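Only the coordinates and a few stated rules stand behind these numbers; no lab work does. Just so we're clear, the structure is a prediction, and the values are computed from it rather than from any experiment. Here the Cβ positions follow ideal geometry from the backbone for every residue, glycine too, while neighbour counts run over all protein chains shown.
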């Protein structure tokens, strides 16, 4: 859980700030960087992780940076789309008229207005990253013993699954229950704040 939590924090941090900044400035920085992000997102995250691990080895020091980067790409989409709904508002024009820098507008005007959408996305990202870490551990590329991990427990129990199926069953049940529970929580959170989780992506495609 530590890896998933820290990776989610860094993914939301860099992805949220960059997405809001691109939504604000627009023009060629937005066009160029979004095409670069499109290209990066076409690479499967597992392939990124495998390449990173092949160079730097396994462990938290390798997993956290690559997971933060790969999952932060989708955060840029959402933060940019959420920002586009505010850039034409009067308070943004007033901040520009007062001569405030883009960084000041991002941190004081835009981030407080998109933080709810980012919070919902962050909770969802955490469940995806947690599932991703468990999948990597199952494949032998994630958390290594003696650090406990449900994916590693499932992998270790495959050899005795016919004799003791509960060795695999309980970690699988715990993992699936946690991921489903977080998804249900995020759905309830989105409904409570009136957020359509599909809307930011639709806005991005429309632009």
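Scaled to the compact-protein estimate 2.2 N^0.38 Å, what is the alpha-carbon radius of gyration of segment 112-191, rounded to two decimal places? Don't skip to the answer; put the middle values down first.
On the way: Rg = 15.5 Å, N = 80, 2.2 N^0.38 = 11.6 Å.
Computed over Cα atoms of segment 112-191, the ratio equals 1.33.
Relative contact order for the chain using alpha-carbon pairs under 8 Å, separation at least 6, rounded to a whole percent? Provide the component values of the computation, followed by the final result.
Working: 226 pairs, mean separation 53.5, N = 207.
Reported as a whole number, the value is 26 percent.
Taking 7 Å along the Cα-to-C-beta vector as the label spot, tell me the residue 97-residue 193 distance in nanometres, rounded to one decimal.
Going from the residue 97 label point to the residue 193 one covers 3.0 nm.
Suppose only helical runs count, i.e. DSSP H with n ≥ 4. What mean residue ellipticity at 222 nm does that imply for the chain under -39500 (n - 2.57) per run, divided by all residues and rounded to the nearest 500 deg cm²/dmol?
Working: 10 runs with 160 residues, N = 207.
Roughly -25500 deg cm²/dmol at 222 nm, from the helical runs in the chain.
Any idea how far apart residue 173 and residue 115 come out in nm if each label point goes 7 Å out from Cα toward Cβ?
4.0 nm
What number results when the radius of gyration of the chain, computed over Cα atoms, is divided by 2.2 N^0.38 Å?
Working: Rg = 19.6 Å, N = 207, 2.2 N^0.38 = 16.7 Å.
Here the answer is 1.17, to two decimals.
With N denoting the number of residues in segment 1-119, provide Rg(C-alpha) divided by 2.2 N^0.38 Å, to two decimal places.
Numbers: Rg = 16.0 Å, N = 119, 2.2 N^0.38 = 13.5 Å.
Dividing the Cα radius of gyration by 2.2 N^0.38 Å gives 1.19.
List residues of segment 151-193, by number, whose backbone nitrogen lies under 20 Å from a label position 7 Å along Cα→C-beta of residue 5.
It comes to 151-152, 174-186, nothing else.
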